[in-house]
Each structure stands twice: as structure tokens, then as C-alpha cells.
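J.: Okay, handing you the structure first.
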Amino acid sequence: MSSKKLFIETYGCQMNLSDSEVVVSILEKEGYTITKQAKDADLIFVNTCSIRENAEKKVRNRIQEFKHLKKKNPNIKVGILGCMAERLKESLLDEEDFIDMVVGPDAYRDLPNLINQTGDGRQMANTVLSLEETYAEIVPVRLDKNGISAFISIMRGCDNYCSYCVVPYTRGHERSRDPESILSEAKDLLAKGYKEITLLGQNVNSYNWKSGDEILNFAKLLKQVANISPELRLRFSTSHPKDISDELIETIANTDNICNSIHLPVQSGSSAVLKRMKRSYDREWYMNRIEKIKTLIPNCGISTDIITGFCGETDIEHEDTITLMREVGYDYAFMFKYSERPDTFAANRMADDVEEDIKAERLNQIISMQQETSLASNKRDIGKVFRVLVDNVSKRSDKQMSGRSDENKVMVFDRKDTQLGDYVMVKCNTCTVGTLLGEIV
Ligand code: SAH
Ligand code: SF4
Ligand code: F3S
């Protein structure tokens, strides 16, 4: 039997990447092998994101190329997976009539069946969301490039319903994955030579596993995974401020191989905006958590996500975001203009009333401020020595390698006799906004 070829392209967050690894695992059992060329594929999957309008536009443009491929070779099947599939359901099959299947994030076990039923113009959709599915026992086929860092999804879905956000509708209810399956996946990665694992969830720190009377929370799970081996370095993403408990911060502080790096999306520095966003914390709560982190983990890398121009955001509220960013002094930030998503609470009940040019102006302002803050943070690292996991050969010169420090900063240094996957001590000599440059010591 000649093997069938699958081309899969992934958009959106790390959880989508992790899902693509589950999809590939399911399809390998059906005799598919991966191809990196869409034109050679029998089956093309696009795993999509709906978080902002632009994310969907990107996918809409890209799939037109697959439409052309399919015109040339009508035997190719094209499937849209992930959050856009879940949001638009069958309507996507009408709008883009060359698509063979639309499959939501909880329906990937049904893929072999759906693939069989499509063809000759027969289209299929499965967008049923589940209360239980975590793909716990499916061993993902790793799609990472270096064999050093891997992701493990430890929970799915979200119950927070922030007023601007599409995720609860595209990913369904929050559910945690059986810890035994998480631990065995981590051990398997270690045995395969991986050195770094990132535990993933939309609110990874809301992880909660009940077994009889016992409850395993995120701090305890993290500790258990860290105990597997001191050679394994742990990261996690994304944390919700409401669940960043003292116990969790203490666990990070007390455990060497849990990285001193926390991504803690604030979204806005204004308590009034946070209330309209239904974030369930205010500025004071958030700052209290930051203080606790800084006290217990003095050099902790802290990064965030910010939305600018949310419904009704005034100049003063925008200014609150700027002052908060200054107070925290983030090492890094992902910054976005508010993009109204159909059927969310904000879209139904609030006016998207900040003019586009004001949104853009505010975004530019926080981006340039963050660049200054990132540079200042990097300058403070000059002269310090960091433990770095080498994960890349530098793009500019193969005499140089790069990797990340515990605090999640990218460091570039002369190779010497270093190999990918080594831990090395690197002294920072100089820096740019995005990188620390140094030498192995
Ligand atoms: N679960 C995480 C992040 C989810 S999505 C959390 O709650 O923090 C990643 C980021 O996309 C969010 O943190 C937010 O900053 C941004 N985002 C989500 N919906 C958005 C929207 N409608 N417009 C613009 N940015 C949005
Ligand atoms: Fe979206 Fe809020 Fe859930 Fe994050 S916590 S995924 S922003 S609804
Ligand atoms: Fe996008 Fe879905 Fe992730 S909307 S950010 S791919 S959960």
C-alpha cells in the first residue's frame, strides 16, 4: 500500500500546535505520512484560529491557494480544523465550497470516518464540543523542529467568558486531563531526549483534577512533573491572574527546574475596563500578585498580553494601562487592538466605539513603551550569568548558537564545542531589545 500524504498547517496558539500533533498521531494510524509540500498532499488540513478578525482573514487568504491546487487535482481533500471550524460550522462549507470537511477541536477522533465519507463533492462536518475529551491517551506525533522542547496540553476549553473573547465558544468547557497520562507523556519525552516541556492550557493554572476526595491543583501537578528529572526544564502557559496562588508562586520559587518565568496576561491597567472585560480581577489584585512574584522570585521573567481600544476605553483608562506597564516593567508583551468577535458578550451588548485610528495610536504608544522597557530590562542583565538551554543554531552564522535563559530571554553566543540540547552558563556582555549577546563561561 503506497502511503497517503498529509499536509497540515497550523495557525493560532500553542494549544492549536499541540492539537495538530494529536491529529497527526490519529492519521498516522490510518497510514498517512507528513509532507511539507501542499502540492504533494492527498489531504490538506488547516488548523485555524478565530481570536481576532485578522487571524481569520489570514486563513481565508491562504486557503485560496489550496483551492487552486484542488482545481488541478480534484482528488485532494481539504479540511478546516480548529477554532474557525467550530465558530462557523457548516456555513464554512457553503462559503468555501471546495472544502471537504469542517472539524471542531473536540472531534478529531472522528477524522478517519469523516475522511472516508467525503469525496466527489460530499462534504462533512463535525463540530460537536465535548465535556470530557482531552485526547489523554493519544501520544502526539511531535512536530517541533529541534527535538529539545515540546508541549503537553494539560487542560482544554475555558469557562471564563471574558466579554471580548471567542475561546469559550470555540473550545467549549474547561476540563483537566488525567495527571497519570500527563506524567507518562513527560517521561516519554525525557526518554526521547527532550529537555524542556511547556504545560499548556488557556488557563493552565486553573488545572484541577478530582479523584475521590483528593484534588490535584496546578501547583501540585507542576511539582510532580518537575520531580521526574532535574534534567527536564519546565514552563507553562497561559496563567490566569485569578488563579496565580501563593502556593503556585512558592512552588516555582522552591523548584530549580521550574523556570522563573510567568506569562500573566493583564489585558488592561484600568479596573473599570477589566470589569467591562469580565476578567474577574482588578488592578489592585493583579499588582498584589506581581508583588508576590517579585518578592518570592526576585529575577522572575514576567510577560503579558494587552488589548487596547476595548469598548468605551477612555484616554484616562488607556493611561492606566501605561502606568501599570511601567510599574510592572514587563520583559515582554503581546499587544493587540481590540477586534470585535461575533456573538461574544461585548459584540452583543457593548459598542465597539473606539475609533480605529485611536486604537492604532494607542497600540503604537504601548508598543514603543514596551520596547523601552524590554531594552532596560535587558540592559540590567549585562554582566550577569544565565543557565541557557541551547535550542538553535543562530540564523546569522553557524558559529553561533542560541537558547533561552530560565527567565525566557533569548541569548546568542559563540558556539565553541556546544551541542543542541546542552545546558550552558552564558555571561551577558551586551544586548538589543530582543536578545542578550554573550559568551559561554
Ligand atoms: N487564556 C488566555 C489568553 C487567550 S487568547 C488569557 O485569558 O489570558 C490570547 C490573547 O489574545 C489574550 O490574552 C488577549 O490579549 C488577546 N485577545 C483575545 N480576544 C481578543 C479580541 N477579541 N481582540 C483582541 N485581542 C484579543
Ligand atoms: Fe478568553 Fe478569557 Fe478564557 Fe482567556 S480566560 S481564553 S481571554 S475567555
Ligand atoms: Fe486561536 Fe483558538 Fe487558540 S481562537 S488563540 S487557536 S484557542
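The values are calculated or read from the model by the stated rules, or taken from the named source; none is laboratory data. Nothing here was measured: the structure is a model prediction, and the numbers come from that model. Positions of Cβ are generated from backbone atoms using ideal geometry, with glycine treated the same way; all protein chains shown enter the neighbour counts. For the accessible areas, the whole protein counts, side chains as well, though only heavy atoms, and no ligand, DNA or RNA atoms are used. Shrake-Rupley method; radii C 1.70, N 1.55, O 1.52, S 1.80 Å.
J.: Any idea which of L234, L199 is surrounded by fewer than 22 Cβ atoms within 10 Å (Cβ to Cβ) and either assigned by TED's automatic domain parsing to the domain that holds R156 or in contact with an Asp or Glu (Cβ under 8 Å, 6 or more places away or on another chain) (or both)?
T.: Values: L199 fails: surrounded by fewer than 22 Cβ atoms within 10 Å (Cβ to Cβ).
After ruling out the rest, the residue left standing is L234.
J.: For the range 302-324, what are the residues that are open to solvent by 20 Å² or more (accessible area, probe 1.4 Å), within 23 Å of S239 (Cα to Cα) and out of contact with any Phe, Trp or Tyr (no Cβ under 6 Å at 6 or more places or on another chain)?
T.: Result: D320, T323.
J.: Which condition from (1) in contact with a helix residue (DSSP H, G or I) (Cβ under 6 Å, 6 or more places away or on another chain); (2) assigned to a strand (DSSP E or B) is the one that T304 breaks?
T.: Status for T304: all satisfied but (1).
J.: When both residues are 6+ apart or on different chains and their Cβ atoms are under 8 Å apart, which pairs have a first residue that lies in the range 295-309 and is closer than 11 Å to E407 by Cα, and a second that is away from ligand 2 (no atom under 16 Å from the Cβ) and assigned to a strand (DSSP E or B)?
T.: Hits for this filter: C300/S261; G301/S261; G301/Y332; G301/S405; I302/S261; S303/S261; S303/Y332.
J.: Failed condition for P298, given (1) in contact with a Lys or Arg (Cβ under 8 Å, 6 or more places away or on another chain); (2) open to solvent by 30 Å² or more (accessible area, probe 1.4 Å); (3) assigned to a loop (DSSP other than H, G, I, E, B), with all others met?
T.: (1)
J.: Take the residues of the range 252-281 that are over 22 Å from the mean Cα position of the chain (by Cα) and open to solvent by 60 Å² or more (accessible area, probe 1.4 Å): which is farthest from I228 (Cα to Cα)?
T.: Once the filter is applied, the top-ranked residue is R276.
J.: Looking at (1) touching a Pro at 6+ places or on another chain (Cβ under 6 Å); (2) of a type in the set (S, T, N, Q); (3) over 29 Å from N217 (Cβ atoms), which is the only condition N257 fails?
T.: The failed condition is (3).
J.: Here is a list of conditions, (1) crowded, with 17+ Cβ neighbours inside 10 Å; (2) touching a residue at least 40 places away in the same chain (Cβ under 8 Å); (3) β-branched (V, I, T), and I358 meets all of them except one; can you say which number that is?
T.: Every listed condition holds for I358 apart from (1).
J.: Restricting to the range 32-56, what's the tally of residues that are part of a loop (DSSP other than H, G, I, E, B) and within 16 Å of ligand 1 (Cβ to nearest atom)? Break it down into steps so the answer makes sense when it comes.
T.: Filtering the range 32-56 for residues part of a loop (DSSP other than H, G, I, E, B) gives 35-37, 41-42, 49-52.
Then keep just the ones that are within 16 Å of ligand 1 (Cβ to nearest atom); that gives 49-52.
Total satisfying the criteria: 4.
J.: For S25, all conditions in the list (1) away from ligand 3 (no atom under 15 Å from the Cβ); (2) surrounded by 20 or more Cβ atoms within 10 Å (Cβ to Cβ); (3) under 22 Å from I154 (Cα atoms) hold save one; what is the number of the exception?
T.: The number of the failed condition is (2).
J.: Still on this structure: Please tell me if T198 is of a type outside the set (A, V, I, L, M, F, W, C), more than 26 Å from C311 (Cβ to Cβ) and touching a Ser or Thr at 6+ places or on another chain (Cβ under 7 Å). It would help to see each step written out before you state the result.
T.: On the way: of a type outside the set (A, V, I, L, M, F, W, C): yes; more than 26 Å from C311 (Cβ to Cβ): yes; touching a Ser or Thr at 6+ places or on another chain (Cβ under 7 Å): yes.
Considered against the rule, which asks whether it is of a type outside the set (A, V, I, L, M, F, W, C), more than 26 Å from C311 (Cβ to Cβ) and touching a Ser or Thr at 6+ places or on another chain (Cβ under 7 Å), T198 comes out as yes.
J.: Please work out which residue is least open to solvent (accessible area, probe 1.4 Å), limiting yourself to the range 217-231 and to residues that are in a loop (DSSP other than H, G, I, E, B) and not β-branched (V, I, T). Quick ask: steps written out before the conclusion?
T.: First, the residues of the range 217-231 that are in a loop (DSSP other than H, G, I, E, B): 227-231.
Okay, now just the ones that are also not β-branched (V, I, T), so 227, 229-231.
On the way: N227: 107, S229: 16, P230: 106, E231: 83 Å².
That would be S229.
J.: Just to be sure before I move on: is T344 hydroxyl-bearing (S, T, Y) and surrounded by fewer than 19 Cβ atoms within 10 Å (Cβ to Cβ) in the structure I sent? Step through it out loud before you land on a result.
T.: Details: hydroxyl-bearing (S, T, Y): yes; surrounded by fewer than 19 Cβ atoms within 10 Å (Cβ to Cβ): no.
So T344 does not fit the description; no.
J.: On to the next question. With the range 72-143 as the region, which helices (runs of 4 or more DSSP H) entirely inside it contain at least 2 residues that are more than 19 Å from the chain's Cα centre (by Cα) and farther than 30 Å from N208 by Cα?
T.: Values: elements: 82-88, 91-95, 111-117.
Passing ranges, in order: 91-95, 111-117.
Listed here are the residues, each with its yes/no results for (1) open to solvent by 10 Å² or more (accessible area, probe 1.4 Å); (2) away from ligand 3 (no atom under 16 Å from the Cβ); (3) of a type in the set (F, W, Y).
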residue: V204; (1), (2), (3): no, no, no
residue: S211; (1), (2), (3): yes, yes, no
residue: I244; (1), (2), (3): no, yes, no
residue: E250; (1), (2), (3): yes, yes, no
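Residue-by-condition table, conditions (1) open to solvent by less than 20 Å² (accessible area, probe 1.4 Å); (2) touching a residue at least 40 places away in the same chain (Cβ under 8 Å); (3) within 13 Å of ligand 3 (Cβ to nearest atom):
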{"site": "R122", "(1), (2), (3)": "no, no, no"}
{"site": "S149", "(1), (2), (3)": "no, yes, no"}
{"site": "I152", "(1), (2), (3)": "yes, yes, no"}
{"site": "G157", "(1), (2), (3)": "yes, yes, yes"}
{"site": "N160", "(1), (2), (3)": "no, yes, yes"}
{"site": "Y164", "(1), (2), (3)": "no, yes, yes"}
{"site": "R171", "(1), (2), (3)": "yes, yes, yes"}
{"site": "R175", "(1), (2), (3)": "yes, yes, no"}
{"site": "I182", "(1), (2), (3)": "yes, yes, no"}
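J.: Can you tell me which of S261, S237 is within 16 Å of ligand 3 (Cβ to nearest atom) and closer than 17 Å to S149 by Cα? Spell out how you get there, then give the answer.
T.: Values: S261 fails: within 16 Å of ligand 3 (Cβ to nearest atom).
Matching residue, one of S261, S237: S237.
J.: Count, please, the residues in the range 78-100 that happen to be within 16 Å of ligand 2 (Cβ to nearest atom) and crowded, with 22+ Cβ neighbours inside 10 Å. Spell out how you get there, then give the answer.
T.: Here is the first cut: in the range 78-100, the residues within 16 Å of ligand 2 (Cβ to nearest atom) are 82-84, 86-87.
Next, only the ones that are crowded, with 22+ Cβ neighbours inside 10 Å stay: 82-84, 86.
Matching residues across the range 78-100 total 4.
J.: Look through the range 267-326, keep the residues that are more than 12 Å from ligand 1 (Cβ to nearest atom) and of a type in the set (G, A, S), and return whichever of them is nearest to R341 (Cα to Cα).
T.: For the range 267-326, the residue satisfying everything is G312.
J.: I've got another one for you. Could you figure out which of (1) surrounded by fewer than 19 Cβ atoms within 10 Å (Cβ to Cβ); (2) away from ligand 2 (no atom under 16 Å from the Cβ) isn't true of V103?
T.: With respect to (1) surrounded by fewer than 19 Cβ atoms within 10 Å (Cβ to Cβ); (2) away from ligand 2 (no atom under 16 Å from the Cβ), V103 is out only on (1).
J.: Still on this model: Scanning for something surrounded by fewer than 12 Cβ atoms within 10 Å (Cβ to Cβ) and without any contact (Cβ under 8 Å) to a residue 40 or more places away in the chain, does the range 44-58 turn up at least one residue?
T.: yes
J.: Scan the range 178-216 for residues that are of a type in the set (A, V, I, L, M), outside any strand (DSSP E or B) and within 16 Å of ligand 2 (Cβ to nearest atom) and jot them down. Full working, then the answer.
T.: We begin by selecting, within the range 178-216, every residue of a type in the set (A, V, I, L, M); these are 182-183, 186, 189-191, 197, 199-200, 204, 215-216.
Right, trim to outside any strand (DSSP E or B) and you get 182-183, 186, 189-191, 204.
V204 - this is the single residue of the range 178-216 that is of a type in the set (A, V, I, L, M), outside any strand (DSSP E or B) and within 16 Å of ligand 2 (Cβ to nearest atom).
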